[in-house]
Amino acid sequence: MLSARHSIRSVAIENGLLVLTWEDSHESRFHPIWLRHQCWCPDCGTPETGVRGIRLHHIDEGISIESAVVEGNGVQVTWPDGHRSEYAARWLRNHCYSDAERARRQVQPVLWDRTLSSDIPVGSLIEAEADPAARLKILEMVRDYGFCKIVDAPANREESQRMIRLAGAQRQTHFGTYTLKKKTTVTNVGDTTGPLDPHVDEPYRYAAIGITVFQVLRPSSNGGASTLVDGFEAARHLKEQWPEDFELLCKTPITCQRFDPGDNSHGNMRWYKSRLPVIRLDDRGKVCGVRMNERQISPLDVPADQVVPVYRALKRLFEILYSEDLRLTLNLKAGEGLLFDNQRLLHGRTGFTPETPPRAVLTSSVDLDDFHSSMRLLQRDLDPDAMHLELQQGMAG
């Protein structure tokens, strides 16, 4: 039986619009052109497959509805040319574009600071592999908090794909599945033993890394703790304290680059460079992505009168990011790890003492859209309404 939210009480045509009143008293209004374009009958096809017989230029902008009736658990609309379209009640409610319903579909991130240390999101890899609901819970914690600590993970490279598959298909980059450990010749700062300030990975790419998969194979016995900072919370602090600096960093492209001499796992020389803002807003003006890595900021390419203001804004931002008040510190053991959103969270580590055998961790990545795909597929079976939520698209806006 459908809930009141998905049960239609009445249907009417008012001022040319299809008006549905639901059993929970909500009212939805749909324009005829929207409905006609979204007919998913066998002749018109569906955007889910991309096989469509209908074309927008064939639809009159002023098309009208001939009639509309409740039919089973949905609505049947008849058009002036005799074509009939059927729309499921749940589908109509999940795509209602009233202000209230559009706001309801927006995922609200849970912002946090160091006080989260007593209640961090945690999930078991073994439980997630056995139970889709447990896996979905982990992915939704990453969606909401930007990260989830994973326990019961393998402590060897041979089984590393198990944790990657938890999030989705592995993204192939020039790093591949990279083992971070102290090396004699260093071209990656992660292969040193000193402390690392909070940063996002690979800000020099046009399409930034989405989800980072971080797996501890062998921790250090003296230091090497992981640190996390919520970039969205840092952006909130900047906007609250220095709104003009916040606006400047939302619109000013900052150049980041990396030269790789070719001694990585794939052995090919590369030189990456991108020019993008460090804070991205969505169409509603909400922060949806960050790109903050001080070490890879190249010479600014901005108008002369903006050089000092931009540096001032960056300086204030990094002072916030490096504050102990925002920093969460985790001492991960062998067989533990993290899934985190690299377009929201900054990560770093405390320094550690070289030892034998050395500290070793694996890092790999999953594209943000593949991660969202994994979550939607689970929601389709476990929580159908949730699969229609509007997810943050990171630096894509």
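Under a GNM of the chain (C-alpha, springs under 10 Å), which listed residue has the highest mean-square fluctuation: Phe214, Phe371, Phe318?
Looking only at Phe214, Phe371, Phe318, the largest GNM fluctuation is found for Phe318.
Calculate the FRET efficiency for Val302 and Thr329 from the Cβ-Cβ distance with a Förster distance of 22 Å, rounded to the nearest 0.05. If you can, show how the numbers build up before the last one.
Numbers: r = 35 Å, r/R0 = 1.59.
After rounding to 0.05, the efficiency reads 0.05.
Efficiency by 1/(1 + (r/R0)^6): what FRET value for Val19 and Ala133, r their Cβ-Cβ distance, R0 = 30 Å, to the nearest 0.05?
Numbers: r = 37 Å, r/R0 = 1.24.
Calculated value: 0.20.
For the chain, with the dipole built from +1 on Lys and Arg beta-carbon atoms and -1 on Asp and Glu ones, taken about the Cα centre, which of Ile8, Leu166, Ile54 lies farthest toward the positive end?
Going by the charge dipole, the pick is Leu166.
Can you tell which of Ile65, Thr115, Gly82 lies farthest toward the positive end of the dipole of the range 2-126, using +1 and -1 charges on the Cβ of basic and acidic side chains (Lys, Arg; Asp, Glu)?
Result: Thr115.
What longest range of the chain stays clear of loop-exposed trypsin sites (Lys or Arg not before Pro) (DSSP non-H/G/I/E/B, at most 14 other C-beta within 10 angstrom)? Write out the running numbers ahead of the final one.
Details: sites that count: Arg55, Lys183, Arg284, Lys286, Lys333.
That would be 56-182.
Could you work out which residue, out of Thr329, Thr356, Thr193, moves most in a Gaussian network model of the chain, that is, has the largest mean-square fluctuation with Cα springs under 10 Å?
It is Thr356.
For the range 339-397 and the range 99-175, what is the centre-to-centre distance using only Cα atoms, to the nearest Å?
The distance from the Cα centre of the range 339-397 to that of the range 99-175 comes to 6 Å.
Between Met269 and Glu71, what FRET efficiency follows from the Cβ-Cβ distance if R0 is 51 Å, with the result rounded to 0.05?
On the way: r = 63 Å, r/R0 = 1.24.
The pair Met269/Glu71 has a calculated efficiency of 0.20.
If you rank Ser25, Ser365, Ser124, Ser67 by fewest surrounding Cβ atoms within 10 Å, what's the result? Spell out each step's value before the answer.
On the way: Ser25 8, Ser365 28, Ser124 16, Ser67 11.
By the 10 Å Cβ count, ascending, the order reads Ser25, Ser67, Ser124, Ser365.
Of the labelled options (i) 23.7; (ii) 22.0; (iii) 20.8, which one gives Kirkwood radius over Cα pairs in Å as computed for this structure?
Recomputing Kirkwood radius over Cα pairs in Å here picks out (i).
In the Gaussian network model of the chain, springs joining C-alpha atoms below 10 Å, which of Gly72, Gly231, Gly351 carries the largest mean-square fluctuation?
Most flexible of the set in this elastic network: Gly72.
Note the full-extension length gain between Cys41 and Thr356 as 0.36 nm times their separation in residues minus their Cα-Cα distance, in nm to one decimal.
On the way: separation 315, 0.36 × 315 = 113.40 nm, distance 6.52 nm.
The Cys41-Thr356 span can extend by a further 106.9 nm.
Taking the Cα centroid of the range 221-235 and of the range 266-316, what is the distance between the two, rounded to the nearest whole Å?
Using only Cα atoms, the two centres lie 20 Å from each other.
Using a ≥ b ≥ c from the Cα gyration tensor of the range 299-394 (square roots of the eigenvalues), is it rounded, prolate or oblate, where a/c under 1.5 gives rounded and otherwise the larger of a/b and b/c decides, a/b for prolate? Could you put the intermediate results ahead of the total?
Numbers: a/c = 2.49, a/b = 1.18, b/c = 2.12.
Oblate, since a/c reaches 1.5 and b/c is not below a/b.
So, in nm, how far is label Glu159 from label Asn222 when the simple model puts each one 7 Å beyond its Cα toward the Cβ?
Going by the 7 Å Cα→Cβ label model, 3.1 nm.
Would any residue of the range 296-329 have its amide N under 17 Å from a label point 7 Å out along Cα→Cβ of Ser117? List them or say none.
The answer is 322-329.
Could you pull out every Cys in the chain that lacks a partner Cys with its beta carbon under 4.7 Å away?
Cys41, Cys96, Cys148, Cys250, Cys256, Cys288
Roughly how many nanometres apart are two label points built 7 Å out from the Cα toward the Cβ at Gln257 and Arg105?
Each label point lies 7 Å from its Cα, and together they span 4.2 nm.
Per 0.36 nm of contour for each residue apart, how much would the distance between Arg9 and Gln241 grow if the chain were fully extended, relative to their Cα-Cα spacing? If you can, show how the numbers build up before the last one.
Numbers: separation 232, 0.36 × 232 = 83.52 nm, distance 4.89 nm.
78.6 nm is the gain from fully extending Arg9 to Gln241.
FYI, it's all coordinate maths here, none of it is from the lab. All of these numbers come straight from a predicted model, not from anything done at the bench. Every residue, glycine as well, gets a Cβ built from its backbone with ideal geometry; the counts of neighbours run over all protein chains shown.
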